[in-house]
Amino acid sequence: MNNSPDSTGGICFFPSPFIFWRKPYNHEKIKENILPMIMEDIEKNGKAYVKDSNWGCDIISSFHSYGENSGEINQKLIENEDLVASIWDAYNEMLNTLKSQNRIDDYEYETFASCQLYDIWYNKYNVGNYQDIHEHSPFEFSGIYILDDPEYSNTYFFDHSAVFKVEGKHTFGQQESKDFDIGEGNMIIFPGALPHHVPMVKSEKITISFNFKTNSSP
């Protein structure tokens with residue numbers, strides 16, 4: 001241990017993780033337009049997505065729409081004007097909220113405001129399906145749109161700093177989602193590096209996931 005007078009030290013407090021949610025005013029219209037084409041794609045390509053997946057779960061996800069499947073459905077999603085406009089509305093409101101609460105400075109605000117919607121895909125959960133703990137690095141922000149779900153959101157988010165806590169909640173899960181009425185129709189946006197998972201679901205549900213990246217991201 002160095003006790004010399006000229007020794008220096010310091011500490012860096014990392015920003016607290018967060019999730020942001022918002023419900024688009026036109027959810028029913030978005031669902032009416034998008035759900036049929038997702039169901040058609042599941043019928044056509046669902047088995048191939050599961051076969052091609054390297055995930056430790058058996059959900060049907062168009063994240064795996066490569067090769068012969070060539071990502072056609074994902075292209076349709078990102079070309080849907082109502083869906084993309086609602087994603088950007090939620091994203092911009094999140095940035096404005098972070099800025100107004102001094103969670104980000106002017107430089108960070110401008111940097112994040114120039115983010116691009118990098119990719120988008122759907123996830124179909126049947127009863128008993130789940131999603132392992134994962135995160136979306138190196139993307140700055142990621143999102144989940146609850147397109148079709150009779151329950152409250154059961155995605156569990158994990159606080160990076162939970163190891164330092166003595167009391168308090170270390171996760172944001174289904175009970176909190178119920179308390180805040182985060183169910184079908186909500187857009188949830190969060191830092192891409194925030195770990196999360198979906199426990200076994202009790203009802204069928206379909207979500208749409210997406211990532212944002214800056215020009216400086218790998």
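Odds and ends about this structure:
- Divided by 2.2 N^0.38 Å, where N counts the residues, the Cα radius of gyration of the range 75-218 comes to 1.07.
- Summarising the amide proton neighbourhood of ILE59: residues at separation of 5 or more, or on other chains, whose placed amide H is nearer than 5 Å comprise TYR130.
- Highest average first, the peptides 172-184, 119-131 ordered by how many other beta carbon atoms sit within 10 Å of their residues are 119-131, 172-184.
- Taking packing as the residue-averaged number of other Cβ atoms within 10 angstrom, the listed peptides 42-54, 135-147, 200-212, 81-93 run from highest to lowest as 135-147, 200-212, 81-93, 42-54.
- Under a 5 Å amide H cut-off, with hydrogens placed 1.01 Å from N, PHE18 pairs with nothing among residues at least 5 apart or on other chains.
- Of the solvent-accessible surface of the range 24-109, computed with a 1.4 Å probe over protein heavy atoms with every protein chain present, carbon and sulfur atoms account for 46 percent.
- In the context of the full set of protein chains, the range 77-120 has a per residue accessible area of 58 Å² (1.4 Å probe).
- Amide H contacts of LYS23 (H built 1.01 Å from N, in plane; Pro and chain starts excluded): MET187 sit under 5 Å, all sequence-distant by 5 or more or on other chains.
- One chain, two ends: ALA193 and ASN96. Fully extended at 0.36 nm per residue, the span grows by 32.9 nm beyond their Cα-Cα distance.
- Among the listed pairs LYS31/LYS202; LYS51/LYS205; LYS29/LYS124; LYS76/LYS205; LYS23/LYS76; LYS76/LYS202, those whose Cα-Cα separation exceeds 26 Å are LYS76/LYS202.
- With bins 10 Å wide beginning at 0, the percent of Cα pairs of the range 37-111 falling in each bin runs 17, 31, 23, 22, 7.
The values are calculated or read from the model by the stated rules, or taken from the named source; none is laboratory data. In this text, all values refer to a predicted model and were calculated from it rather than measured experimentally. With ideal geometry, Cβ positions are generated from the backbone for all residues, glycine too; neighbour counts draw on all protein chains shown. The protein model used for the area step is the full one, side chains on, heavy atoms only, and it has no ligands, DNA or RNA in it. Shrake-Rupley method; radii C 1.70, N 1.55, O 1.52, S 1.80 Å.
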